[in-house]
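The values are calculated or read from the model by the stated rules, or taken from the named source; none is laboratory data. All figures in this text were calculated on a predicted structure; none of them were measured in a lab. As a convention, Cβ positions derive from the backbone with ideal geometry for all residues, glycine included, and neighbour counts pool all protein chains shown.
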């Protein structure tokens, strides 16, 4: 004769097995779809330096000089008027010393420009021209003369201020400084010249 089932025992077994069933067959959590990262845009190309405006100025040699005449060489441009021609004497002395110790004429053109607009009347113009010619002979380099401040206007030079610029071989502006160059700016000035000379010629 079969023994009757103990219902309390069945419920105990069912309750004991329920957690095991749950653990053995867990419901996996939903997986979020993977989104591919958007492609990053390439960095913008560096903006080339701006070209310097052209000029046509009388030189102490008697010839008219234009900026394009110096193309192919690194140009060191020093622009001064009667009130600023002493501001960068130290820099000019250092440039002269380097020019004497190294032959840089093939790669570098030093272009000093004197603004003589305040002497552009007779007879002062003749005396001013003769004085600049004497300075050019002493320094052993040609000096250009801006009689009407046309270059000053094109380059936006302020009066009574010495300007120093470096242009690359294609006439683009690499360095520009107004007033006397302090030591740090002078170091950067010569560094820019060296980098421009090392570039394609």
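If residue 189 meets every condition in (1) buried (at least 18 other Cβ atoms within 10 Å of the Cβ); (2) in a strand (DSSP E or B) apart from one, which number is that one?
Result: residue 189 fails condition (2) only.
From (1) over 16 Å from residue 163 (Cβ atoms); (2) surrounded by 13 or more Cβ atoms within 10 Å (Cβ to Cβ); (3) free of Cβ contacts under 8 Å to residues at least 40 places away in the same chain, pick out the condition that doesn't hold for residue 59.
Here residue 59 clears every test but (3).
Residue-wise test of (1) out of contact with any helix residue (DSSP H, G or I) (no Cβ under 7 Å at 6 or more places or on another chain); (2) under 12 Å from residue 172 (Cα atoms); (3) at pLDDT 95 or above.
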{"site": "33", "(1), (2), (3)": "yes, no, no"}
{"site": "43", "(1), (2), (3)": "yes, no, no"}
{"site": "49", "(1), (2), (3)": "yes, yes, no"}
{"site": "67", "(1), (2), (3)": "yes, yes, yes"}
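Read through the list (1) at pLDDT below 95; (2) in a strand (DSSP E or B), then give the number of the only condition that residue 114 fails.
Of everything listed in (1) at pLDDT below 95; (2) in a strand (DSSP E or B), residue 114 misses just condition (1).
So residue 54 ticks every box in (1) surrounded by 13 or more Cβ atoms within 10 Å (Cβ to Cβ); (2) touching a helix residue (DSSP H, G or I) at 6+ places or on another chain (Cβ under 6 Å); (3) closer than 26 Å to residue 179 by Cβ but one. Which box is left unticked?
Failed condition: (1).
I want to confirm something. Restricting to the range 126-147 and keeping residues that are surrounded by 13 or more Cβ atoms within 10 Å (Cβ to Cβ) and not in a helix (DSSP H, G or I), which single residue is farthest from the chain's Cα centre (by Cα)?
147
With in contact with a helix residue (DSSP H, G or I) (Cβ under 9 Å, 6 or more places away or on another chain) and more than 15 Å from residue 57 (Cα to Cα) as the only criterion, which of 138, 94, 142 stands out? If you could, list the steps in order and put the result at the bottom.
Numbers: 138 fails: in contact with a helix residue (DSSP H, G or I) (Cβ under 9 Å, 6 or more places away or on another chain); 142 fails: more than 15 Å from residue 57 (Cα to Cα).
Just a single option satisfies the conditions, and that option is 94.
On the given criteria, is residue 95 in a helix (DSSP H, G or I), surrounded by 13 or more Cβ atoms within 10 Å (Cβ to Cβ), in contact with a strand residue (DSSP E or B) (Cβ under 8 Å, 6 or more places away or on another chain) and touching a residue at least 40 places away in the same chain (Cβ under 8 Å)? Spell out the reasoning first.
Working: in a helix (DSSP H, G or I): yes; surrounded by 13 or more Cβ atoms within 10 Å (Cβ to Cβ): yes; in contact with a strand residue (DSSP E or B) (Cβ under 8 Å, 6 or more places away or on another chain): yes; touching a residue at least 40 places away in the same chain (Cβ under 8 Å): no.
No: the conditions fail for residue 95.
Mind listing just one residue for me: the one in the range 153-185 that is touching a helix residue (DSSP H, G or I) at 6+ places or on another chain (Cβ under 6 Å) and not in a loop (DSSP other than H, G, I, E, B) and, of those, surrounded by the most Cβ atoms within 10 Å (Cβ to Cβ)?
166
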